[in-house]
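The values are calculated or read from the model by the stated rules, or taken from the named source; none is laboratory data. Keep in mind that this is a model prediction, so the values were computed, not measured. For neighbour counting, all protein chains shown are included, and Cβ atoms are generated from backbone atoms with ideal geometry for every residue, glycine included.
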Amino acid sequence: MKRVFVKEEWCLGCHLCEYNCAYANSGLSSMVKALQGKPIFPRIHVNGNDSVTFAVSCRHCTDPLCVKSCISGALHRENGVVCIDKNKCVGCLTCMLVCPYGALVQDETGTVTKCELCTKNSCGTPACVAGCPNNAIVFEERCEE
Amino acid sequence: MNNMYISPDYEVIRNMSRCITCRVCERQCANEVHSFDPDGNVMISDESKCVNCKRCVSLCPTHALKIVKNEDTLRENANWQDATIKEIYKQANSGGVLLSSMGNPKPLPVYWDKILINASQVTNPPIDPLREPMETRVFLGKKPDHIERDENGKIKTDLAPQLELSVPIMFSAMSYGSISYNAHKSLATAAKELGIYYNTGEGGLHEDFYVYGENTIVQVASGRFGVHEDYLNAGAAIEIKMGQGAKPGIGGHLPGAKIVGDVSKTRMIPEGSDAISPAPHHDIYSIEDLRQLVFSLKEASQYKKPVIVKVAAVHNIAAIASGIARSGADIIAIDGFRGGTGAAPTRIRDNVGIPIELALASVDQRLREEGIRNNVSLVVGGSIRSAADVVKAIALGADACYIATAAVLALGCHLCRTCQTGKCNWGIATQRPELVKRLNPEIGSQRLVNLITAWKHEIKELMGGMGINSIEALRGNRLMLRGVGLTGKELEILGISHAGE
Amino acid sequence: MSRYVIVGNGTAAIGCVEGIRFVDPLGKITVLSKENHPAYCRPLISYFLEDKTDPKKMLYRAETFYEDNGCEVLYNVSATALDPETKTLTLDSGDTLSYDKICVATGSSPFVPPMENLENVKNRFSFLTLDDAKALKKAVKPSSRVLIIGAGLIGLKCAEGLRAITKNITVCDLADHVLSSILDAKDAAFVQKHLEANDLKFTLHNSVAKFKGNTAIMQNGDEIPFDILVTAVGVRANWGLVKDAGGACGRAITVNEKMETSLEDVYAAGDCTESTDISDSLIKVMALMPNAYMQGYTAGINMAGGEKVFDNAIPMNSIGFFGLHMMTAGSRKGQMKTDIQKDSIKRFYKEDGKLIGFVLIGDVQNAGVYTNILRNQIPIKSLSEFNIKKSPSMATYDEEFRRKTLESVVK
């Protein structure tokens, strides 16, 4: 299964991935319409410190703690992709308490949102990858170590 | 009027109906043009800092930005143009020499654009490069004048050392220091993949890049920065830099701000010290002296590597080249006055040297006349902009071309001509780690490979059109060229007829 | 073909089914469900009160889960006795079931301390099951006065849910502050202020002395009239089956890290068990949904012949009331570092250079980073930054771990 991987030496900290993500999942036809004048709730976040930046999104763990910990059954796996049923999520944030990577966030509805590898929007392949100007985010098949 | 306000050259135009205040422009501008105003929740800009490098324009996800020429002008004056007056103000403010980068931007004649290429019709039909083999490989180095045989009548094949190029293009000298580690890595890996060469420039060779030695030309310049025995033996050829097209008559300048970390180590000079190469090589005041250095370098590299002597195209270039051809050098590289640089005094960049097209034609002519053309290969640079320029240069007599500006353009350069500040937003002409990382060598080398591959296709198309299937057969074949809009004198120097003749 | 019996049909039971099926696709699984529902998400019953969910959405797994996993479910059935010698289980119907491996996942029951006249109170509810919630929801009207006994996690979640129906809610607790199981008094006061701003009324350090009709006479003499009474004082592990069969128990069923009880081929998982809290090495009942799943899953794998241990349990909680979230994990001992802001509190507890617990109120972003550091006992020294003022993130870890995580497939 292809996943998103991040190479921190090439991350510029430009945050474009966040905007491309928010736009891709807005369902709207223009980025301006989707994002102008609103807070955004992307599923990928640029983290870092003074010397390094990197984008973090769901690792789609093979044995995901968040799925096991979800108290509402909203988090589940679909062909290896960890997905969330927003309809079931009550926003208890237990998943945020257990995810070691900080990959889940609460959105404007109070429920949790997360990367689903753009399988649920019209992008086809992850928008963060397509929009990264420095190939710091890639979408590849890699073996489990 | 102590420090006169000079209105900025550019204006930042932000289309507010598109701006989503993502602040990418702000994060990407090392010149700190853009900032976010939390009170108005809008992006604002300080255009006085803008160098028009287009980084923000390129990365703005909603294409909300454009940088335009500032319309604030002085009263129109064909003689005293805006730029000229502003330069006076700047010097009156600072008392300093004006510095600039990259090539001469003045509207001086570009002879390439006044030379047209022939194509076959009816007789000697054109060749289709998609269907028939087409040879673009060239060998650079001393060639024998005649066939020699041994006592058994067998042909002697021990040639002087040669450089083999899959296509007659090389990346010309840009030092590690003037450009970044990642830019060098992009050039090195691309050269290897393409079967051509890149040139270290005068900054030495970073230890990580010794592995690309087979595709590296190491340079020895007047400052001798980074030169040692291993270095001389690391590359496939050694280049003595006598001059540079962008600044003939002076040595290289690398501001201390760029001499950091590995750059200082590789150059073998202290961090932060300005690297000012002397104008002359202090051991070279004659062709005989040059010959000594050529042979010192050959000696140091066991006569296994060709030695290149690089000079700027200046007034007496033909005579200079004739001397070099007799110095023992294997290759002469001539750099025209439009060649780029990482830093040069503006006056020198814009006023010293001559066009490469004229220099090349006169050198090739002179060497032929003197019967020493085979002593050396000729490599020309100084604003080779396209495959057509390459083909024209070969037909004028060059063996191969050096490109550097075109290469950095492929790496993302937008020719803002402020390399000397060390704040290159594209990660090329900078040593600031956060900027250097903007050039991912994986992307960089791929773009260079793409560029040269594209040019190679075009060269083959042009060759095919002329009915030529080997680039060697095009060299010096000036019948394939015609001038347009040139004076008799210019045509005479170029050795070509006028279109229609 | 092995015959598996799972007593209980909650989170641990589902984990157990998934664990068994991970190893053994064929064995026969029988699930005994005391409640007449497929497994649902217990903690969601308060959200059901405020219509944020409904019984269908509350299902823990897809409707076809049991069918897909080849399970037989017996609804409305309790087990009354376990005989590890003959490997049989006696049901309340009098029938017996034989098993090869059994998992006891019987959960817990509400514990109600003796209060005078309690048995005569009409409209008295506990708040643990969906049926409790359904009955409560039916009984409460917008004009109802509700008295909740217990200001712990269950009592307050119930209060939050009921607040969507009525404004008249009083919560009492013997402890002197709310959420005494997870917060100290200072932090509890911060939370209580927020709860009071949302119209909950409290009477703390106080308990019901006796009931007089629909009025609670408190220890301090106050009288609180009510229409609805909810008792949410605490729960007790349902350990009878194992204890009566001679299995080791402490305050709940004793299990090892493979979820084996002291009885052969008898496993136990979920709220009916106690296990070691690695943050302080004490044996505790950690009645938490994630733990229940993990224990059930571990038990299932081992029952089916696989190898799995669950040896890094820590108590942890993520809970929110009226938009104020708080997360706690591990213990509140050792050296404490605190960062208090206008609308957030962060507390970290360290011992021997390791994080052993934390409390986050208000700002809970990326708290999983802390949980991971705690659960995996990563020495704080080895972290590239552990700045309590900064939000945790992947930057908190050392470079090697971070790169490995971001550049390879992780478990």
(request) Output the qualifying pairs, or none if there are none: Cβ atoms under 9 angstrom, residues six or more apart or on different chains, first residue in region A:2-18 and within 11 Å of chain C (Cβ to nearest Cβ) and farther than 18 Å from C:Tyr397 by Cβ, second residue charged (D, E, K, R) and surrounded by fewer than 22 Cβ atoms within 10 Å (Cβ to Cβ). (result) A:Lys2/A:Glu140; A:Lys2/A:Glu141; A:Lys2/A:Arg142; A:Arg3/A:Glu140; A:Arg3/A:Glu141; A:Arg3/A:Arg142; A:Val4/A:Glu140
(request) From the list C:Leu49, C:Leu44, C:Leu59, C:Leu82, pick out the single residue that is within 14 Å of another protein chain (Cβ to nearest Cβ) and touching a helix residue (DSSP H, G or I) at 6+ places or on another chain (Cβ under 6 Å). (result) C:Leu49
(message) If I ask for residues that are touching a helix residue (DSSP H, G or I) at 6+ places or on another chain (Cβ under 9 Å), facing chain A (nearest Cβ under 10 Å) and either buried (at least 18 other Cβ atoms within 10 Å of the Cβ) or outside any helix (DSSP H, G or I) (or both), which ones from region B:431-442 would you list?
(response) B:Lys437, B:Arg438, B:Leu439, B:Asn440, B:Pro441
(request) Kindly provide the set of residues from region B:1-58 that are closer than 23 Å to B:Cys416 by Cβ and among the β-branched types (Val, Ile, Thr), ordered by number. (result) B:Ile6, B:Val12, B:Ile13, B:Val24, B:Val33, B:Ile44, B:Val51, B:Val57
(request) Could you check region B:265-352 for helices (runs of 4 or more DSSP H) lying wholly inside it with 2 or more residues that are within 19 Å of the chain's Cα centre (by Cα) and at pLDDT below 95? (result) B:346-351
(message) Please go through region B:165-211 and give me each residue that is of a type in the set (Phe, Trp, Tyr) and either at pLDDT below 95 or under 23 Å from B:Ala454 (Cα atoms) (or both), ordered by number.
(response) B:Phe171, B:Tyr176, B:Tyr197, B:Tyr198
(request) Just give me the residues in region B:184-234 being within 20 Å of B:Lys258 (Cβ to Cβ) and in contact with a Pro (Cβ under 8 Å, 6 or more places away or on another chain), in sequence order. (result) B:Lys185, B:Ser186, B:Ser222, B:Gly223
(message) Six or more apart or on different chains, Cβ atoms under 7 Å: show the pairs whose first residue is in region A:131-145 and more than 17 Å from B:Pro61 (Cα to Cα) and whose second is of a type in the set (S, T, N, Q).
(response) A:Phe139/A:Thr125; A:Arg142/C:Ser408; A:Glu144/A:Thr62; A:Glu145/C:Ser408
(message) For region A:34-145, give me every one of the helices (runs of 4 or more DSSP H) that falls completely inside it and has 2 or more residues that are more than 7 Å from chain C (Cβ to nearest Cβ).
(response) A:65-69, A:127-131
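For (1) touching a residue at least 12 places away in the same chain (Cβ under 8 Å); (2) more than 22 Å from B:Arg475 (Cβ to Cβ); (3) in contact with a Gly (Cβ under 8 Å, 6 or more places away or on another chain); (4) surrounded by fewer than 23 Cβ atoms within 10 Å (Cβ to Cβ), each residue gets a yes or a no:
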{"residue": "B:Pro306", "(1), (2), (3), (4)": "yes, no, yes, no"}
{"residue": "B:Ala329", "(1), (2), (3), (4)": "yes, no, no, no"}
{"residue": "B:Ala361", "(1), (2), (3), (4)": "yes, no, yes, no"}
{"residue": "B:Asn374", "(1), (2), (3), (4)": "yes, no, no, yes"}
{"residue": "B:Gly381", "(1), (2), (3), (4)": "yes, no, yes, no"}
(request) Kindly list, by first and then second residue, each pair from a residue in region C:385-397 that is in the same structural domain as C:Ile373 (by TED's automatic domain parsing) and without any contact (Cβ under 8 Å) to a residue 24 or more places away in the chain to a residue that is outside any helix (DSSP H, G or I) and polar (S, T, N, Q), limited to pairs with Cβ atoms under 8 Å and residues at least 6 apart or on different chains. (result) C:Glu385/A:Asn49; C:Ala395/A:Asn47; C:Ala395/A:Asn49; C:Ala395/C:Ser384
(request) Please work out which one of (1) out of contact with any Phe, Trp or Tyr (no Cβ under 7 Å at 6 or more places or on another chain); (2) surrounded by fewer than 24 Cβ atoms within 10 Å (Cβ to Cβ); (3) among the acidic types (Asp, Glu) is the condition B:Asp389 fails and give its number. (result) (1)
(request) Answer yes or no as to whether C:Ala287 is surrounded by fewer than 21 Cβ atoms within 10 Å (Cβ to Cβ) and either without any contact (Cβ under 8 Å) to a residue 12 or more places away in the chain or in the same structural domain as C:Cys103 (by TED's automatic domain parsing) (or both). (result) yes
(request) Looking only at region C:276-296, count how many residues are away from every other protein chain (no Cβ under 12 Å) and in contact with a Pro (Cβ under 8 Å, 6 or more places away or on another chain). (result) 4
(message) Return the residues of region B:62-93 that are free of Cβ contacts under 8 Å to residues at least 60 places away in the same chain, of a type outside the set (Ser, Thr, Tyr) and closer than 17 Å to B:Val12 by Cβ; say none if nothing qualifies.
(response) B:His63, B:Ala64, B:Leu65, B:Lys66, B:Ile67, B:Val68
(request) Quickly run through region C:234-253 and pick out the residues that are surrounded by fewer than 20 Cβ atoms within 10 Å (Cβ to Cβ) and β-branched (Val, Ile, Thr). (result) C:Val235
(request) Can you confirm whether region A:4-24 contains a residue that is part of a loop (DSSP other than H, G, I, E, B), over 16 Å from the mean Cα position of the chain (by Cα) and outside the structural domain of A:Pro133 (by TED's automatic domain parsing)? (result) no
(request) Return the only residue of B:Thr73, B:Thr84, B:Thr62, B:Thr21 being of a type in the set (Ser, Thr, Tyr) and on the phi > 0 side of the Ramachandran plot. (result) B:Thr21
(message) Given the criterion within 11 Å of another protein chain (Cβ to nearest Cβ) and crowded, with 18+ Cβ neighbours inside 10 Å, identify the matching residue among C:Ala313, C:Ala299, C:Ala329.
(response) C:Ala329
(request) Could you list, in sequence order, all residues of region B:419-429 that are β-branched (Val, Ile, Thr) and either at pLDDT below 95 or outside the structural domain of B:Gly177 (by TED's automatic domain parsing) (or both)? (result) B:Thr421
(request) Kindly provide the set of residues from region C:379-411 that are of a type in the set (Val, Ile, Thr), in contact with a helix residue (DSSP H, G or I) (Cβ under 9 Å, 6 or more places away or on another chain) and more than 10 Å from chain A (Cβ to nearest Cβ), ordered by number. (result) C:Ile380
(message) I'd like to verify a number: residues in region B:256-276 that are touching a residue at least 40 places away in the same chain (Cβ under 8 Å) and surrounded by fewer than 20 Cβ atoms within 10 Å (Cβ to Cβ), how many?
(response) 6
(message) Can you list the helices (runs of 4 or more DSSP H) lying wholly within region C:1-108 that have 1 or more residues being free of Cβ contacts under 8 Å to residues at least 60 places away in the same chain, over 22 Å from the mean Cα position of the chain (by Cα) and outside the structural domain of C:Ile154 (by TED's automatic domain parsing)?
(response) C:65-68
(message) Among the residues that make up region C:87-110, is at least one of them of a type in the set (D, E, K, R), within 14 Å of another protein chain (Cβ to nearest Cβ) and within 21 Å of C:Ala304 (Cβ to Cβ)?
(response) no
(message) Kindly evaluate A:Asn121 against the criterion of being at negative phi, without any contact (Cβ under 8 Å) to a residue 12 or more places away in the chain and among the polar types (S, T, N, Q).
(response) no
